[in-house]
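A.B. asks: My structure is below; once you've seen it, I'll send some questions.
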Amino acid sequence: MKDKIFTILKVLIIVLLVGWMVLFVVDYFRAKSGEKPFVCLKENTKTKGAESYYECISFGYKYFEYNGGGTTAPGYGFSAIFVKNEFEKKMEG
């Protein structure tokens, strides 16, 4: 009985990891082409004068867009959820 439970848990963990990896790769390539992620758990928008910052948080990673209001070229990217990018730092400071 214990072996059956451990086998089911192993299979479940592997399926979850593979699913997360597929979602991560799909969202990465969507971000590279400037599209929003497939799954967005939380969205944040910040505006400071003419500058705007959009952030979409997903499962352990985030997609962001920055529009400098004409003074800076618009930017977008993809990073780990715990890493602050240059645009976030600029909007805070």
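A.B. asks: Residues of the range 19-44 being over 10 Å from the mean Cα position of the chain (by Cα), open to solvent by less than 100 Å² (accessible area, probe 1.4 Å) and of a type outside the set (Val, Ile, Thr), which ones?
C.D. replies: Answer for the range 19-44, where residues must be over 10 Å from the mean Cα position of the chain (by Cα), open to solvent by less than 100 Å² (accessible area, probe 1.4 Å) and of a type outside the set (Val, Ile, Thr): Gly19, Leu23, Arg30, Ser33, Gly34, Glu35, Asn44.
A.B. asks: If I filter the range 58-93 down to residues being within 10 Å of the chain's Cα centre (by Cα) and open to solvent by less than 30 Å² (accessible area, probe 1.4 Å), which single residue comes out as modelled with the lowest pLDDT?
C.D. replies: Step by step, filter the range 58-93, then rank; the result is Gly77.
A.B. asks: Could you pull out every one of the strands (runs of 3 or more DSSP E) wholly within the chain that has 1 or more residues that are of a type in the set (A, V, I, L, M, F, W, C)?
C.D. replies: Details: elements: 42-48, 51-57, 61-67, 75-80.
The qualifying strands (runs of 3 or more DSSP E) are 51-57, 61-67, 75-80.
A.B. asks: Determine, yes or no, whether Lys48 is surrounded by 11 or more Cβ atoms within 10 Å (Cβ to Cβ), modelled with pLDDT under 90, of a type in the set (Lys, Arg) and over 17 Å from the mean Cα position of the chain (by Cα).
C.D. replies: Numbers: surrounded by 11 or more Cβ atoms within 10 Å (Cβ to Cβ): yes; modelled with pLDDT under 90: yes; of a type in the set (Lys, Arg): yes; over 17 Å from the mean Cα position of the chain (by Cα): yes.
Yes.
A.B. asks: State which residue pairs qualify: first residue open to solvent by 100 Å² or more (accessible area, probe 1.4 Å) and at pLDDT below 95 and inside the range 2-18, second residue assigned to a helix (DSSP H, G or I) and among the small types (Gly, Ala, Ser) in any location, beta carbons under 7 Å apart, and separation of 6 or more residues or different chains.
C.D. replies: Within 7 Å, no pair qualifies.
The values are calculated or read from the model by the stated rules, or taken from the named source; none is laboratory data. None of these values were measured; they are calculated from a predicted model. All Cβ positions, glycine included, derive from the backbone under ideal geometry; neighbour counts span all protein chains shown. The accessibility values were calculated without ligands, DNA or RNA, using every heavy atom of the protein model including side chains. Shrake-Rupley method; radii C 1.70, N 1.55, O 1.52, S 1.80 Å.
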